[in-house]
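All of the numbers you see were taken from the coordinates with simple rules; none came from a lab. Every value quoted in this text rests on a predicted model; they were computed, and no experiment measured them. Virtual Cβ from ideal backbone geometry, glycine too; neighbours counted across all protein chains shown.
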């Protein structure tokens, strides 16, 4: 939600534990940023994919939302979440070649 009167641009990323290996964030937009016009909100569908190395169950991930203001000030918001790796999903040998 953007309660300001001017448009803001945000970038969204995700990081996971070392057990998850490569973590990828997929969104319903093609741009590298999310633009929210002034006095409005935007709903964004996201999907997180990971290639687990040697783990099962719930793994911590963190979403990071970043915006940069005209004055050069940068604001970051971190939100904790969990990623579920089903039993037996981790590749044999920990996914290593």
Quiz item: For segment 8-91, what relative contact order do you get, as a whole percent, if you take Cα pairs closer than 8 Å and at least 6 residues apart?
Solution: 34
Practice problem: Report the Stokes-Einstein translational diffusion coefficient (µm² s⁻¹, integer) for segment 8-91, Rh taken as the Kirkwood radius over Cα pairs, at 10 °C with viscosity 1.306 mPa s. | Solution: 110
Quiz item: According to a simple spin-label model (label point 7 Å from Cα along Cα-to-Cβ), what is the distance in nm between residue 13 and residue 82?
Solution: 2.6
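Peptides 67-78, 30-41, 4-15: what's the order by average Cβ count within 10 Å, highest mean first?
In decreasing order of mean packing, 67-78, 30-41, 4-15 become 4-15, 30-41, 67-78.
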Quiz item: Roughly how many nanometres apart are two label points built 7 Å out from the Cα toward the Cβ at residue 28 and residue 56?
Solution: 3.4
Practice problem: Could you check the simple spin-label distance between residue 89 and residue 3, using points 7 Å along Cα→Cβ, in nm with one decimal? | Solution: 3.7
Exercise. Express the relative contact order of segment 16-62 as a whole percentage, based on alpha carbon pairs under 8 Å and six or more residues apart in sequence.
Key: 60
